[in-house]
Ligand SMILES: [Zn+2]
C-alpha cells in the first residue's frame, strides 16, 4: 500500500521544481490533538459501557448490544459466579457437614466474628485448636503419635480432651472455678459461652493462662489486651462490643 501511494505521489509531483520525498518512521497520530481527544473519549466510553449508554452518540447507542462491556463489570460478574460455584461445591462436600457442626454456635462463625474483635494471633490459634480438638493435649498428641497415652496425667482414669481439661480435670480445679464463676448455666452452656461470647473468651483465655498447661505452645494468652480494649470502648461511651450473635434456633449460614 505504501509503494502504491509513493508511486502515485511521484507521478503527480514529477514536474514540480523542488519536489523531494523523504521517508521516515513516526509514531502514528502522536501529538495530534484531535486524535488524542478521540482516543480519550473512546476509552471513557468503553470503561463505562455497561451503565452509561445514554452518554453515547446516537449511532453508537443503536448498536449497544455489540459493544464491549465494562471491564470491571465483567470481573465483578465473573467473581460472583466463581463464589456461587465455590459455595455450591463446598456445601456438597462431606467436610462441610463436620465443619458446620464444629463451628456453628462458635465465635468462628462468620456472622459472629465481632465477638473475637481484639483477639491477637496466638490467642486465636489457641481458641481454634481447643475448639477443633487440635490443641496439644494428651488426646490429640496420642492421636498423632506424639504421646504414649491419651489419659490425663493428673486424673489417671480420664482421657485428656479439651472438655476434660477445661471442665473436669482436678489439677485445674481452682483455675476452673475462677473461670466459670462469672458464667451462667451448666457445663454444656458454659462450654458454648466460652467459645461464643466475648466474656466467655476472656474467661477462657485467662483460665488457660492460669493453668500454664499450654504456655509452651502459645506463650502468654492472658486477655489483658481485650480487657483494655473493653475499658477504652466503655470510656468512649460506645458500649463494650457490638456483638452479632445469632439467636437460638436462628439458622445461619456457615461458610
Ligand atoms: Zn485430669
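Look at segment 169-180 and say how many of its residues are within 15 Å of the ligand (Cβ to nearest atom) and either under 35 Å from the mean Cα position of the chain (by Cα) or crowded, with 17+ Cβ neighbours inside 10 Å (or both).
Of the residues in that region, 4 qualify.
Residue-wise test of (1) in a loop (DSSP other than H, G, I, E, B); (2) more than 13 Å from residue 208 (Cα to Cα); (3) touching a strand residue (DSSP E or B) at 6+ places or on another chain (Cβ under 9 Å).
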| site | (1), (2), (3) |
| --- | --- |
| 119 | yes, yes, no |
| 123 | no, no, no |
| 135 | yes, no, no |
| 153 | yes, yes, no |
| 167 | no, no, no |
| 175 | no, no, no |
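Applying the selection to segment 155-165, what residues are part of a loop (DSSP other than H, G, I, E, B) and free of Cβ contacts under 8 Å to residues at least 24 places away in the same chain?
Once the filter is applied, which keeps residues that are part of a loop (DSSP other than H, G, I, E, B) and free of Cβ contacts under 8 Å to residues at least 24 places away in the same chain, segment 155-165 yields 155, 156, 157, 158, 160.
Just give me the residues in segment 137-151 being away from the ligand (no atom under 11 Å from the Cβ) and part of a loop (DSSP other than H, G, I, E, B), in sequence order.
Across segment 137-151, the qualifying residues are 144, 145, 146, 147, 148, 149, 150.
Please pick out the residue among 183, 194 that is modelled with pLDDT under 90, outside any helix (DSSP H, G or I) and either surrounded by 14 or more Cβ atoms within 10 Å (Cβ to Cβ) or more than 16 Å from the ligand (Cβ to nearest atom) (or both).
Every option except 183 fails the conditions.
The values are calculated or read from the model by the stated rules, or taken from the named source; none is laboratory data. Bear in mind the structure is a predicted one, so any value in this text is a computation, not a measurement. Positions of Cβ are backbone-derived with ideal geometry, glycine not excepted, and every protein chain shown enters the neighbour counts.
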